[in-house]
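These notes are about the structure you will find just below.
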Amino acid sequence: MKPVIALVGRPNVGKSTLFNRLTQTRDAIVADFAGLTRDRHYGNGRQGPHEFIVIDTGGFEPDAGSGIFKEMAKQTRQAVAEADVVIFVVDAREGLSAQDHDIANELRRLGKPCVLAANKAEGMKDTARLAEFYELGFGEVHGVSAAHGQGIRSLVELALEPLALPEPDDEDQEDDVNKPIKLAVAGRPNAGKSTLINTWLGEERLVAFDLPGTTRDAISVPFERNGQRFELIDTAGLRRKGKVFEAIEKFSVVKTLQAIESANVVLLLIDATLGVTDQDAHIAGYILESGRAVVIAINKWDAVDSYQREQIQRQIETRLAFLKFASLHFISATRRQGLGPLWQAIAQAHKSATRKMSTPVLTRLLLEAVQFQTPKKSGMFRPKLRYAHQGGMNPPVIVIHGNSLEHVTEAYRRFLEGRFRKEFDLVGTPLRIEFKTSH
Ligand code: GDP
Ligand code: GDP
């Protein structure tokens, strides 16, 4: 599970700037869906080998009496509760304020490990100016500049240090056909997640097996179906209780993100009686950003009429257009309809996500594609695509080398993606294409 860092501080100290700096998009894919993620305050960050989740909070005014400020304070407390560590941001230029003291007291009360960052400290040689912040009682004061990217690296290292992170294992790279597929069922409360899972687990064709060396049974259920091993992981809004899964009331973005991240394949369950809601679109956005393989199931198909069915299909085409690569299923968990094909889709998504593509085959396909359709000239430059190799799995990454590749258009990238997908039969997984220009 990725650790969670919450950014807390009064308004205008530079939390959003720091958030943007920490979550600098790892790949362009997020930018493509700016509309979806614009107002989101959760992001993925990376420091060396370690990945983490960052929560940006609105301005925190603990004494806020009512209205929006009270709501912001509540949101902030929730963020702190979900976090493993807090970065408490103050303004080095404005100096210590009464509000900072209030926030410090509140943070002490909440009892989370805190690291104190004095932002806007660029060009501030005189560290004496930071000394006043010691008064807050959070130990060392770290002068940083979010806007200029100074001191951020060590700040994050410091924040993550007490969490004693293990080196991330590269088990995903392992080539072990017997390894279970980790499956998460995600969806808004009441979508039917627990009904579906308990229906599955009640089927006798599912054989539970022992996962060697794990006492993690509490958070996962290993089982086998048609010779394929699966590990069902607890998802946001779901907890295992004895032999069955139970819905829990609160929906937590952090838990959703963590569950998605620890899965190989995510089954996104949508409630047909409600259609595709904002929350569904958000969850879908997280799945996309995580790069996980995904299967979409529209549940409660029994409870909607033909008019509603048509509407939902249209909504999926528009609102979930960015998950076009996922296969779509219409099911009824209570009536056990349409459940068989889901397994095939899950296995297929996993196979696609872990597909191996050799350099000669990729290069041949690339050159065939170029011959079929040459990339357009941009000004004086015509991109020259020379060869391709696989740069990663889960999701698969194809790295294309050549010259002037910065002039390859988005339309052309999509054209290439389509060719590769077809050739390698990639369904249910994102496919990332990167261009490396040699000069
Ligand atoms: P938030 O309200 O805490 O999220 O603060 P913002 O991130 O919106 O920043 C508030 C203002 O401080 C903006 O005008 C930023 O450009 C500015 N700011 C943020 N970080 C820095 C910094 O490192 N140095 C300077 N000089 N200004 C900064
Ligand atoms: P969760 O919060 O996502 O785990 O949702 P639940 O599994 O608790 O289901 C919420 C409600 O939807 C329950 O009343 C279920 O009986 C109902 N439900 C689940 N699946 C279906 C279905 O396929 N059809 C219909 N009509 N109702 C369903």
### Query
Looking at this structure, is Thr363 assigned to a loop (DSSP other than H, G, I, E, B) and touching a residue at least 12 places away in the same chain (Cβ under 8 Å)?
no
### Message
Is it the case, given these coordinates, that Ala297 is crowded, with 22+ Cβ neighbours inside 10 Å and within 11 Å of Ile270 (Cβ to Cβ)?
### Response
yes
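Condition check ((1) away from ligand 1 (no atom under 16 Å from the Cβ); (2) over 16 Å from Lys182 (Cα atoms); (3) modelled with pLDDT of 95 or more) across all residues:
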position	(1), (2), (3)
Thr199	yes, yes, no
Gly202	yes, yes, no
Pro222	yes, no, no
Thr256	yes, no, no
Asn264	yes, no, no
Ala284	yes, yes, no
Ala293	yes, no, yes
### Pairs where the first residue, in the range 96-107, is part of a helix (DSSP H, G or I) and the second is among the basic types (Lys, Arg), C-beta under 9 Å, 6+ apart
Gln99/Arg10; Asp100/Arg10; Asp102/Arg10; Ile103/Arg10; Glu106/Arg77
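For (1) of a type in the set (D, E, K, R); (2) farther than 13 Å from Leu183 by Cα; (3) more than 19 Å from the chain's Cα centre (by Cα); (4) part of a loop (DSSP other than H, G, I, E, B), each residue gets a yes or a no:
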residue	(1), (2), (3), (4)
Ile260	no, no, no, no
Glu289	yes, yes, no, no
Gln308	no, yes, yes, no
Arg314	yes, yes, yes, no
Thr318	no, yes, yes, no
Trp343	no, no, yes, no
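Residues checked against (1) more than 19 Å from Ala259 (Cβ to Cβ); (2) within 16 Å of ligand 1 (Cβ to nearest atom); (3) at pLDDT below 70:
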{"residue": "Gly9", "(1), (2), (3)": "yes, yes, no"}
{"residue": "Lys15", "(1), (2), (3)": "yes, yes, no"}
{"residue": "Asp27", "(1), (2), (3)": "yes, no, yes"}
{"residue": "Gly48", "(1), (2), (3)": "yes, no, no"}
{"residue": "Val54", "(1), (2), (3)": "no, yes, no"}
{"residue": "Ala73", "(1), (2), (3)": "yes, yes, no"}
### Query
What's the number of the condition Thr334 fails, among (1) assigned to a helix (DSSP H, G or I); (2) touching a residue at least 60 places away in the same chain (Cβ under 8 Å); (3) surrounded by fewer than 17 Cβ atoms within 10 Å (Cβ to Cβ)?
(1)
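The values are calculated or read from the model by the stated rules, or taken from the named source; none is laboratory data. Treat the numbers as computed from the prediction; the structure is a model and nothing was measured. Glycine gets a Cβ as well: all are built from the backbone with ideal geometry, and neighbour counts include every protein chain shown.
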